[in-house]
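Here the structure comes first, spelled out in structure tokens, and everything after it is commentary.
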Amino acid sequence: MTSNIAITIDSFAVEGNVISPSIEMQFEEGSIIGIYSDVAKLNFLTKQFSSNPLIHTEYRDNGFYNRLTINEYISFLKGLYSPSTEHGDLLTIFELADKKKARLHNLSSAEKQRLRLIHCFMNEKPIQVIEEPLQNLDEHSKRIVMNLLLSLKKEQKTVILLSNNMEEILFASDSVFRLEASGLQPLDVKEEETAALEKNDIIPFRFEKIPTKRNEKIILFNPPEIDYIESVEGQVSVYLSGETYPTSLTLNELEQKLTPFGFFRCHRSYIVNLQKVREIITWTRNSYSLSLHTSTETVVPLSKNKLVELKRIIGI
Amino acid sequence: MNLTRIHAIFMKDYKEFSRNYAVSTMVLLPLIMALIYNQTGIESMQGYFLPVNPAFVAVTSFVQCCLIAEEKERNTLRSLMLSPATLFDILLGKSLLVFTISAITIILSVYLVGYNPANWLILGMALFLSAVFYIGLGTLCALFTKTILEASVAILPIMLIFSFGPFALQLSGKYPILQIAEWLPSAQIILLAESIEQAYTATDIMVPIITILVWSIITWFFTIVLYKKTMVD
């Protein structure tokens, strides 16, 4: 059974500039929601969340009692929160079982960041807000954090992830919102609707280069040069060896143009050059990413329903 | 108020305190002072309290202040406040630990300095009330400090006023204004200790005890009001 929890947050303005609009949110129980925005809005949002009695907020800079061992820390939290449900062996799902006697100041920063989430397991509040859960984590730790988030979801807790990194929340959450001055916008629903309409269009002449605009200049790129293409709020950007070039074409037009060149629509808002894909990363059974082999290390989200198609193209 | 939470905070702070040598070695200060004064010989009641009054500041107030300041320094106080533990649970858990540490330190230093009071019960009561006052003072001090470093600086004026205040009385012949130091809790406890060694009346006992009690009530009142004000936001 799922039920909805509603939250209202008043708007916040500084000298007439709306920093954050008033928001009304309806959250399903047991789902992971991502909210993408800039740091100022997110800071305001976390402050509002933390004053709500239904919400537990896990800040990114929450500290530790460095002189305690992990075991002592957990028994302290158990005393503090007195959780009614037994979580089995928390250390195993945190993958810290071999470190239970280690003092907290001896842990690596990735391990500390993982351990931070233990607060979300201990408290009983229905909504858990976590600020930047995946920031600066290596792949192994990201996978553990993803599993932790899924076990929170299994406990019928609503998890809200706040991040200013779109890629991270796209693969971690069930639904993603974008906080703008105009309000909380669900991401990319519009894009999907138009996709069905434009499917049957036939383009008589194929102009192969991709026009982009930068500094008032129009630059044309050969498709094989492109790493991937991202659409954020209707603005389509072409990524090419770490540089971004905005283009006026829509993602659907680009998809049609580029499919013959070995490009693949791996996500509602991403098209990736398959020639540059180095690795398919499996976070959990439902979330995947593509790691690109480019000058900088880039990771592009891969939706679950596109995976089947991709496997067919690759031939596995 | 929840005993499990208070116990959890007590145990956590005990472990943190015992492993933080910068703070925990402070308990040695009054003990060493007591040993030295014992060797040099003591002729007045003022002398017996030479290790006791600094112990109240250097151990009781300082440790309490450091425990809270360190939570602020590491951003752990915020998550503690967001947990089900109330402000009262947090302060009580810490205060109980500090009280235990101070009680052991002060009993040991009284023993080491060679002081044998005529009436343990009355002196014990005054020492207990003083401990309550100095814990409150440490808590109040932590409100204005954000790191252990700041706490060690902030403790200095308190040390000067409360530990060495009774010495100002000796200058009061020359500067009558210093007579006011008589009403410090550290001076009152010496007056009390002096009177229990002789034939005493009820007033001799009640005045110092009530003075210390008033100091504790005022300190804790301000502490709680200010904490409620600053911790809410």
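Assorted remarks:
- Taking every alpha-carbon pair under 8 Å whose residues sit at least 6 apart, chain A reaches a relative contact order of 16 percent.
- With a Förster radius of 41 Å applied to the C-beta separation of A:Asp10 and A:Ile219, the computed FRET efficiency comes to 0.40.
- Counting beta carbons within 10 Å around each of A:Thr247, A:Thr284, B:Thr105 and listing the fewest first gives the order A:Thr284, A:Thr247, B:Thr105.
- Remark: relative contact order (segment A:190-314) = 17 percent; criterion is Cα-Cα distance under 8 angstrom and separation of 6 or more residues.
- Partner lysines for B:Lys146 [C-alpha distance under 18 Å; skip if fewer than 8 residues away on the same chain]: B:Lys72, B:Lys94, B:Lys228, B:Lys229
- Across the cross-link table entries A:Lys41/A:Lys213; A:Lys276/A:Lys311; A:Lys101/B:Lys15, which are compared at the Cα atoms, the separations over 19 Å belong to A:Lys41/A:Lys213.
- The ellipsoid that matches the Cα gyration tensor of segment B:3-232 has semi-axes, each √(5λ) in whole angstrom, of 31, 19, 17, with the longest given first.
- In this simple spin-label model, placing a label point 7 Å from the Cα along the Cα-to-Cβ direction at both A:Ser248 and A:Ile316 gives a separation of 4.1 nm.
- Antiparallel DSSP beta bridges within the protein assembly as shown, percent to nearest 5: 70
- Peptide B:149-162, shielding by other chains (average Cβ, 10 Å cutoff): 0
- A simple charge model with +1 on the Cβ of Lys and Arg, -1 on the Cβ of Asp and Glu and nothing else charged puts the dipole of segment A:4-187 at about 660 debye relative to its Cα centre.
- Seen from every direction in turn and averaged, the convex hull around the alpha carbons of segment A:235-316 projects onto 5.5 nm².
- Each of B:Val132, B:Ile218, B:Pro84 was placed along the dipole of chain B (beta-carbon charges, centred on the mean Cα), and the one lying farthest toward the positive end is B:Pro84.
- Based on the Stokes-Einstein relation at 25 °C and a viscosity of 0.890 mPa s, and on the Kirkwood radius from alpha carbon pairs, the protein assembly as shown is assigned a translational diffusion coefficient of 88 µm²/s.
- Shielding score for B:14-20, defined as the mean number of other chain Cβ atoms within 10 Å: 3
- Compactness of segment A:4-187 - radius of gyration and Dmax, Cα, Å: 16.6, 54
- Distribution of pairwise C-alpha distances over segment B:1-76, 10 Å bins, in %: 16, 38, 26, 15, 5
- Per-pair calculated FRET efficiency, R0 = 35 Å: A:Glu95 and A:Ser241 via Cβ, rounded to 0.05: 0.50
- Screening chain B for DSSP H helices whose Cα atoms reach 30 Å or more along their own axis and whose mean Kyte hydropathy is at least 1.6 gives B:87-113, B:120-143.
- Here segment A:214-259 has an Rg and Dmax of 10.1, 28 Å, counting Cα atoms alone.
- Placing +1 on each Lys and Arg Cβ and -1 on each Asp and Glu Cβ, with no other charges, gives the protein assembly as shown a dipole about its Cα centre of roughly 760 debye.
- R0 of 56 Å, Cβ-Cβ distance A:Glu180-B:Gln198: FRET efficiency to nearest 0.05: 0.10
- Amide hydrogen neighbours beyond the local backbone of A:Val232, cut-off 5 Å, H modeled: A:Ser237
- Length gained when the stretch A:Ile280-A:Phe261 is fully extended (0.36 nm per residue, less Cα-Cα span): 4.9 nm
- Residue with peak Gaussian network fluctuation, chain A [Cα springs, cutoff 10 Å], from A:Pro260, A:Pro224, A:Pro301: A:Pro260
- When chain A is treated as a GNM with alpha-carbon contacts under 10 Å, the residue of A:Leu254, A:Leu161, A:Leu179 showing the greatest mean-square fluctuation is A:Leu254.
- Lys, Arg +1 and Asp, Glu -1 on Cβ, resulting dipole of segment B:43-148 about Cα centre, debye, nearest 20: 260
- For the segment B:6-13, counting C-beta atoms of other chains within 10 Å of every residue's C-beta and taking the mean gives 4.
- Cα centroid of segment A:228-287 to Cα centroid of segment A:88-139, whole Å: 33
- In segment B:170-233 the Cα-Cα distances spread across 5 Å bins starting at 0 as 4, 15, 17, 16, 15, 12, 8, 6, 4, 2, 0 percent of all pairs.
Every number in this text was worked out from the coordinates using simple rules, so none of it is lab data. Bear in mind the structure is a predicted one, so any value in this text is a computation, not a measurement. So basically every Cβ, Gly included, is an ideal-geometry build from the backbone, and we count neighbours across all protein chains shown.
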